[in-house]
1. State, to one decimal in nm, how far the label point of R36 lies from the label point of H56, with both points 7 Å from Cα in the Cβ direction.
2. Once phi is turned into ³J(HN,Hα) by the Karplus curve 6.51 cos²θ - 1.76 cosθ + 1.60 with θ = phi - 60°, what whole-Hz value does each residue of the range 27-44 show in order, with x for glycine and proline?
Amino acid sequence: MAATTDFTVSHSTRTSGFGAWIDGLGARFTRYRLYRRTVNELSALSGRELADLGLHRSMIRRVAMQAAHEATAR
């Protein structure tokens, strides 16, 4: 089972005030959606499939958080 997902994140030129707050809120929401999608997809895998990826169930949340932060940092 293989899947790929591409995400694009646009960066605004707003640097202060309400606009920056809205931009930050949007970025956090995008990061959270990616985190939840990753957690859901990894949680749906069997223990054997996770082992093939070199993961354990206890690592799912950390891996998902790392993936979400890396994807939105680009």
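Only the coordinates and a few stated rules stand behind these numbers; no lab work does. Please read all numbers here as calculations on a predicted model, not as lab measurements. Positions of Cβ are backbone-derived with ideal geometry, glycine not excepted, and every protein chain shown enters the neighbour counts.
1. Result: 2.9 nm between the two label points.
2. So the Karplus estimates, Gly and Pro as x, are 5, 5, 5, 4, 4, 5, 4, 5, 4, 5, 4, 5, 4, 4, 5, 5, 5, 6 Hz.
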